[in-house]
Amino acid sequence: MPLIKDGRAATDPWTDVGLEEPLLGSGPVIVPLARWREDRDALLARGGALGVRLASSELIDEVADDLGHLDLVALEFPHFKDGRHYSTARLLRERHGFPGEVRAVGNVLRDQFLFMHRCGFDAYEVADDAAVEAWSDAIREYSVWYQPTADGRPWIPATRHQRRAAE
């Protein structure tokens, strides 16, 4: 699937490895949470970048103590109505200070790009290459916000407070 990262199409160096698949070499791999639990020590010993994929029913608390070992957390959206991982992305950025890649995978729609970005996602697996332009349009669509979020954009109350303080 095409990958959007930093607002443009990107080459994906990561390999998704399932529960039963053998680990290849030392390149970057993404494993499901069950595989992480089962093979944690072997994955850490092999070297290379590591990522964990969480299903929508799995909580970040299950890997919170291991975030220092992870370079990527892939959050799965099985369908557009399941928004549980919006909260997960925000927890990763704000509570846990996770500096790595937070990737949206699965049913990732153009209408959700902006909101995902605001919650802390910085990479998106999308259905087709046309989504890159849609991503750019979505990010430019709004310039002011009423609430703070993980993307660091200024929000209206803070802007007002700064303006008043400068007067």
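The values are calculated or read from the model by the stated rules, or taken from the named source; none is laboratory data. Since this is a predicted model, take the numbers as computed values, not measurements. For neighbour counting, all protein chains shown are included, and Cβ atoms are generated from backbone atoms with ideal geometry for every residue, glycine included.
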Which numbered condition in (1) basic (Lys, Arg); (2) free of Cβ contacts under 8 Å to residues at least 12 places away in the same chain; (3) more than 30 Å from Ser136 (Cβ to Cβ) is the only one that Arg95 fails?
(3)
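Out of all the residues in the stretch 1-19, which are part of a loop (DSSP other than H, G, I, E, B) and surrounded by 15 or more Cβ atoms within 10 Å (Cβ to Cβ)? So that I can check it myself, show each step before the final result.
Our first condition is that a residue be part of a loop (DSSP other than H, G, I, E, B); within the stretch 1-19, this holds for 1-2, 6-7, 11-14, 17-19.
Correct list: Pro2, Asp12, Trp14, Val17.
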Would you call Ile30 crowded, with 19+ Cβ neighbours inside 10 Å and closer than 19 Å to Val126 by Cβ?
yes
Out of Asp71, Asp66, Asp82, which single residue is of a type outside the set (Val, Ile, Thr), touching a residue at least 40 places away in the same chain (Cβ under 8 Å) and either over 24 Å from Pro22 (Cα atoms) or surrounded by fewer than 19 Cβ atoms within 10 Å (Cβ to Cβ) (or both)?
Asp71
Conditions: (1) among the hydrophobic types (A, V, I, L, M, F, W, C); (2) surrounded by 18 or more Cβ atoms within 10 Å (Cβ to Cβ); (3) touching a Phe, Trp or Tyr at 6+ places or on another chain (Cβ under 8 Å). Leu109 meets all but one. Number of the miss?
(2)
Please work out which one of (1) farther than 16 Å from Val126 by Cα; (2) exposed (fewer than 15 other Cβ atoms within 10 Å of the Cβ); (3) within 16 Å of the chain's Cα centre (by Cα) is the condition Arg37 fails and give its number.
(3)
So in the stretch 41-55, with the set limited to residues that are touching a helix residue (DSSP H, G or I) at 6+ places or on another chain (Cβ under 8 Å) and modelled with pLDDT of 95 or more, which one is farthest from Leu91 (Cα to Cα)?
Leu50
I'd like the full set of residues that are crowded, with 16+ Cβ neighbours inside 10 Å and touching a residue at least 24 places away in the same chain (Cβ under 8 Å), limited to the stretch 41-55.
Ala49, Gly51, Arg53, Leu54
Cβ pairs under 6 Å, 6+ apart or interchain, first in the stretch 100-123 and aliphatic (A, V, I, L, M), second buried (at least 21 other Cβ atoms within 10 Å of the Cβ) and assigned to a helix (DSSP H, G or I), ordered by first then second residue, are Val102/Ala89; Val102/Leu92; Ala104/Met116
